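I have placed the structure first, in the form of structure tokens, so that the comments after it can refer back to it.
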Amino acid sequence: MMLTAIGTNLQAIREKIARAAERAGRNPAEISLVAVTKTCSLEVIRAAYSAGLRDFGENRLQEAIPKIEALRNLANLRWHMIGHLQSNKARKCADYFHMIQSVDTFELAQRLSLHGAQTNRPIRILVEVNTSGEATKFGYPTENLLDEIGRLADLPHLQIAGLMTIGPLTRDERRVRQAFIVLRELFERIQSRPGLSEEFKILSMGMTDDFELAIAEGSNMLRIGRGLFGERRMQ
Ligand SMILES: *Cc1c(COP(=O)(O)O)cnc(C)c1O
């Protein structure tokens, strides 16, 4: 892609975020943006960094690690794992990423907590929720999420920073919005419970095709790829 397009695309996205926030009576400054760089080259990521982006999302560990290593000299850059992760890759992922947004099983969480114990630090995670009920999606089912969060909260070296979901892939806005409403309501219920740390603050939902709806429903972290970098080639 043309590297100069990234700055222009970013500006257009920021304007849309501002307008959607205004419509919802929200402050756009409270909505953070994760640039999803899966399939993007180092050159493109560097251009995004120069345009001011600091949070980057990758969905495959194998693809991400060489990029993270190659870009270590960029200051204050935060990497977010947003793809399904096998439990046996937990440690490696925790070593490379600022936050793991796609924690979808107790086993994975347990391994991360163990690694946190061994390295003497909390591992920052979001709990992924399957809000659409689609069988192809990863994430905890909504039905028993409150109980499951309780179990996760008992793991000593995890910092549960919030929830993440991927909206259903459909043009039906009502269904997309419904998925976001479900996540927001779960988020609010969990936040109001005593015992969970004050770190539980992030509601990660909204991608290129649905981020304005997500903002209307309270999202404070968007994950945007194509809107910044153009269409991806098949992986
Ligand atoms: C690819 C991906 C995104 C970004 O999707 P776009 O439609 O390119 O904005 C966001 N979240 C997750 C989990 C992804 O895998």
### Task
Considering (1) within 13 Å of the ligand (Cβ to nearest atom); (2) buried (at least 23 other Cβ atoms within 10 Å of the Cβ), say which one V127 fails and leave the rest.
(1)
### Task
For L33, state whether it is of a type in the set (A, V, I, L, M, F, W, C), under 23 Å from A161 (Cα atoms) and in contact (Cβ under 8 Å) with a residue 60 or more places away in the chain.
yes
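Restricting to segment 29-38, name every residue that is crowded, with 17+ Cβ neighbours inside 10 Å and either more than 14 Å from the ligand (Cβ to nearest atom) or farther than 18 Å from F97 by Cβ (or both). I'd like the intermediate steps shown before the answer.
Let us first name the residues in segment 29-38 that are crowded, with 17+ Cβ neighbours inside 10 Å, namely 31, 33-38.
Within segment 29-38, I31 is the sole residue that qualifies.
Conditions (1) in a loop (DSSP other than H, G, I, E, B); (2) among the β-branched types (V, I, T); (3) within 13 Å of the ligand (Cβ to nearest atom); (4) closer than 22 Å to G150 by Cα, marked per residue:
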{"residue": "L183", "(1), (2), (3), (4)": "no, no, no, yes"}
{"residue": "L186", "(1), (2), (3), (4)": "no, no, no, yes"}
{"residue": "M207", "(1), (2), (3), (4)": "yes, no, yes, no"}
{"residue": "L228", "(1), (2), (3), (4)": "no, no, yes, no"}
{"residue": "E231", "(1), (2), (3), (4)": "yes, no, yes, no"}
### Query
Considering segment 188-205 alone, what residues qualify as being among the aliphatic types (A, V, I, L, M), assigned to a loop (DSSP other than H, G, I, E, B) and either buried (at least 18 other Cβ atoms within 10 Å of the Cβ) or under 13 Å from the mean Cα position of the chain (by Cα) (or both)?
M205
### Message
Among the residues in segment 161-180, are any away from the ligand (no atom under 16 Å from the Cβ), touching a strand residue (DSSP E or B) at 6+ places or on another chain (Cβ under 7 Å) and either free of Cβ contacts under 8 Å to residues at least 60 places away in the same chain or among the charged types (D, E, K, R) (or both)?
### Response
no
### Task
Please give the number of the condition A51 fails out of (1) closer than 24 Å to G167 by Cβ; (2) touching a helix residue (DSSP H, G or I) at 6+ places or on another chain (Cβ under 6 Å).
(1)
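A short reminder: the numbers here are calculations on the coordinates, not readings from a lab. Since the model is a prediction, treat every value here as computed from it, not as a measurement. Cβ coordinates were reconstructed from backbone atoms using ideal geometry, including for glycine residues, and neighbour counts include every protein chain displayed.
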